[in-house]
Amino acid sequence: MMAWRVHEYGPPEVMKFERIRRPDPSPGEVLVRVKAAGVGLWDGWIRAGRGAQPEPLPLTLGSDLAGEVVAVGPGVSPPLLGEEIYGVTNPQFVGAYAEYALAAASMVARKPASLNYIDAAGVPVVTVTARQSLFDHARLTAGQTVVIHGGAGAVGAYAIQLARQADVHVVATASADDAPFVRELGADTVIDYRTQRFEDKVRDADAVIDLVGGETQKRSFQVLRRGGKLISTVSKPDQATARQHGVEAAFFLVKVTTEELTGIAMLIDEGKLRVGPSMVLPLAEATQAHRMLEGQQPRPKGKIILATPPL
C-alpha cells in the first residue's frame with residue numbers, strides 16, 4: 001500500500017510517499033480501507049517533531065479518517081467487519097495518511113449516515129475537542145457565558161453550536177469577514193479581533209475556550225469572573241497569572257472514544273450539528289496540504305481532506 005512516511009523530523013519536504021507492507025490488526029484493532037483522511041494542525045506538529053510526545057521514526061502521518069473496516073483483530077466487539085466507520089487511528093495520532101490504516105476499535109464508530117466519507121473524515125478530533133473543552137473541562141451549564149476564541153475555525157465552529165444547544169451564552173472572536181458565519185452558527189456576540197479588544201467588551205465570563213494561544217490567551221484572564229475557567233487546546237496557560245486572577249487554567253489533549261463519536265454522529269444525523277466546509281486534495285498531494293498548514297500556500301477555510309483513489 002502507499003503511505004506518507006516521515007523518516008526525519010522537519011518541514012513538509014521531509015514527507016515521503018512510499019510503498020509499504022499492509023499491516024495486520026492486533027488485538028483490539030481494526031484495519032480500515034481509508035477513503036478519506038483529515039489534515040490537522042497536530043499532524044504538522046508531529047511531522048516537525050513538536051508533538052506532545054515525539055514518536056519513534058519512521059512513522060506514517062495522520063489521525064482523522066473515514067473508511068471501511070476490512071479486517072479485525074482479536075477481541076473487537078461489537079463486530080465491525082464491513083462497517084463504514086469514522087474516527088481516529090490511535091492515541092499517538094499517526095497512521096491515517098495511507099490506503100489502509102490500523103485503528104484502535106475503541107477510537108472509531110459507525111460514521112454518520114448522512115455524511116459521505118469526505119465530510120466524515122474532517123469531524124472526529126475537532127468535534128470531540130469542542131465538546132470536551134466546553135463540558136468536561138470548563139464544565140459549563142445552561143445560563144452561563146463562554147468566550148470562544150477562533151470561532152470561525154474548525155474547533156470553534158463546533159464549540160459554538162454545542163454551547164448554544166446547551167443554552168450557554170456565546171461570545172466569539174472572529175474576523176469581520178467571518179462574523180456572519182459565526183452568528184449563523186449561534187454566537188450571541190461576535191467581536192472582531194482585528195479592530196476590537198475583546199477584554200474591553202467582556203467581563204465576568206464563566207469560561208474562555210482558547211483555540212488561539214499567544215497574546216490572546218494571556219489577555220483572556222481579564223475577562224473571567226473569579227472562579228472562572230480558561231481552557232486551552234493550544235498551549236499551557238501560566239499558573240501564576242491564573243492564581244493572580246483567582247481562576248482555573250488548563251491545557252488538555254483530546255481523548256477520542258467510540259462513545260463520543262457515536263454521540264456526535266447522532267447529533268449530525270438529527271440535523272443538530274452542522275458540518276463545516278472542506279477542501280479536498282488527493283492523497284498523493286499531502287505535502288501541499290502541509291504547506292498550507294505552514295502558511296507557505298494560502299490556507300483554505302475549514303478542514304483539508306485527503307481522498308484516497310479507488311482500488
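Worth pointing out:
- Note on E294 and D188: their simple-model spin labels are 4.3 nm apart, each label 7 Å out from Cα toward Cβ.
- Between S175 and R33, the FRET efficiency from the beta-carbon distance, with R0 = 45 Å, is close to 0.70.
- Given the choices (i) -0.51, -0.64, -1.09, -1.18; (ii) -0.27, -0.45, -1.17, -1.29; (iii) -0.27, -0.44, -1.26, -1.42, log10 I(q)/I(0) by the Debye sum over Cα atoms at q = 0.07, 0.09, 0.15, 0.16 Å⁻¹ derived from the coordinates of this structure is entry (ii).
- What a 1.4 Å probe finds exposed on segment 182-311 is 49% carbon and sulfur by accessible area, rounded to a whole percent.
- Among the listed pairs K35/K218; K201/K255; K229/K301, those with a Cα-Cα distance over 31 Å are K35/K218; K201/K255.
- Highest-fluctuation residue, S77, S175, S26 considered, GNM on the chain with Cα pairs under 10 Å: S77
- Compactness of segment 1-93 was expressed as the Cα radius of gyration divided by 2.2 N^0.38 Å, which yields 1.13.
- Ratio of the Cα radius of gyration of segment 32-84 to 2.2 N^0.38 Å, where N counts its residues: 1.41
- Contour minus Cα-Cα distance for D136 and N116 (0.36 nm per residue): 4.3 nm
- Simple spin-label estimate for R21 and E8 gives 2.6 nm between the two label positions (7 Å along the Cα-to-Cβ direction from each Cα).
- Estimated [θ] at 222 nm from DSSP helical runs (n ≥ 4, -39500 (n - 2.57)) normalised by residues in the chain, nearest 500: -6500 deg cm²/dmol
- FRET efficiency estimate (nearest 0.05) - Cβ-Cβ, K255 to D204, R0 35 angstrom: 0.70
- Estimated inter-spin distance, K301 and K272, nm [label 7 Å along Cα→Cβ]: 2.6
- Lys, Arg +1 and Asp, Glu -1 on Cβ, resulting dipole of segment 52-165 about Cα centre, debye, nearest 20: 460
- Residue-normalised accessible area of segment 1-113, expressed per residue, 1.4 Å probe, Å²: 41
- E285/Q92 FRET efficiency (R0 30 Å; Cβ-Cβ; nearest 0.05): 0.80
- Amide H contacts of V190: A172, each under 5 Å away and 5 or more positions distant or on a separate chain (H built 1.01 Å from N in the peptide plane; Pro and chain starts excluded).
The values are calculated or read from the model by the stated rules, or taken from the named source; none is laboratory data. All of these numbers come straight from a predicted model, not from anything done at the bench. When we count neighbours, we look across all protein chains shown, and the Cβ atoms used for this are built from the backbone with ideal geometry, even at glycine. Side chains included, ligands, DNA and RNA excluded: accessible areas come from the protein's heavy atoms. Shrake-Rupley method; radii C 1.70, N 1.55, O 1.52, S 1.80 Å.
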